[in-house]
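One structure is given below, encoded as structure tokens.
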Amino acid sequence: MSAGRPKDFDENVVLDRAVDIFWRQGYEATSLEQLLETMKIGKGSMYHNFGNKRDVFKLALNRFMHNFSSWFSAEISAAKDPIEFIRKFFLTIPKQEINDHQKGCFLGNTVAELACIDPGLEKLAVEHLTNMEQTFYRYIKEAQANGKLKSKEDAKLLARHLINLWNGLNITRRMYKNPKDLMPLVTLQLHVLQ
């Protein structure tokens with residue numbers, strides 16, 4: 001039996017391309033033709049290697065979150081002051097490129113778009129956001145215990161506040177594209193991390 005044609009593409013590169021179009025346009029607005037054109041593969045290759053459009057979206061979402069989580073975990077673990085790292089992380093968001101402002105948050109976009117359309121994909125995005133919340137919680141709790149964070153607010157509430165800030169900021173930055181308009185809002189919201 002023949003082994004079939006060898007792959008002439010790197011799956012990770014192809015999935016990164018899928019991340020880009022799904023992030024920019026969303027799941028529903030991305031046609032199969034646009035997806036294939038962006039991924040630079042044929043329909044047969046897509047179905048054989050990744051499955052259908054929904055499967056590609058799920059793989060793209062997981063790849064995006066794996067890459068982001070790996071980066072974030074490495075950076076926060078290496079930080080001398082994890083709470084200061086979190087502050088700086090949020091303060092960089094208003095300074096991002098204008099194209100990033102328009103894209104918003106891939107996870108938040110997915111939750112908003114697919115809440116009533118595809119509960120399975122919505123749940124996957126929520127799980128990734130919840131994992132991020134848990135990371136915030138762990139470092140907030142630790143900082144409170146060792147006196148590096150003065151706030152006596154419940155660590156879980158503070159972690160949820162940061163997720164809310166993340167989601168809200170990714171909408172608000174579509175309204176106010178100038179970092180000078182966004183920075184005071186972010187700074188105000190981060191007062192809870194004093």
Residue list for the stretch 46-80, restricted to those being charged (D, E, K, R) and more than 30 Å from residue 148 (Cα to Cα): 53, 54, 55, 58, 63
Residue tally, condition in contact (Cβ under 8 Å) with a residue 12 or more places away in the chain and either over 13 Å from the mean Cα position of the chain (by Cα) or under 19 Å from residue 134 (Cβ atoms) (or both), over the stretch 102-119: 11
Criterion (out of contact with any strand residue (DSSP E or B) (no Cβ under 9 Å at 6 or more places or on another chain), modelled with pLDDT under 95, basic (Lys, Arg) and in a helix (DSSP H, G or I)) met by exactly one of 123, 88, 141: 123
Test: residue 148 is exposed (fewer than 13 other Cβ atoms within 10 Å of the Cβ), in contact (Cβ under 8 Å) with a residue 12 or more places away in the chain and either within 30 Å of residue 34 (Cα to Cα) or not small (Gly, Ala, Ser) (or both): no
First in the stretch 17-39 and within 21 Å of residue 125 (Cβ to Cβ), second anywhere and assigned to a helix (DSSP H, G or I) and among the small types (Gly, Ala, Ser), Cβ under 6 Å, 6 or more apart: 18/60; 19/60; 22/60; 39/18
Selection status of residue 172, among the β-branched types (Val, Ile, Thr) and either at pLDDT 95 or above or surrounded by 16 or more Cβ atoms within 10 Å (Cβ to Cβ) (or both): yes
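The values are calculated or read from the model by the stated rules, or taken from the named source; none is laboratory data. Quick caveat: nothing in here was measured; it's all calculated off a predicted structure. Every residue, glycine among them, receives a Cβ derived from its backbone with ideal geometry; neighbour counts consider all protein chains shown.
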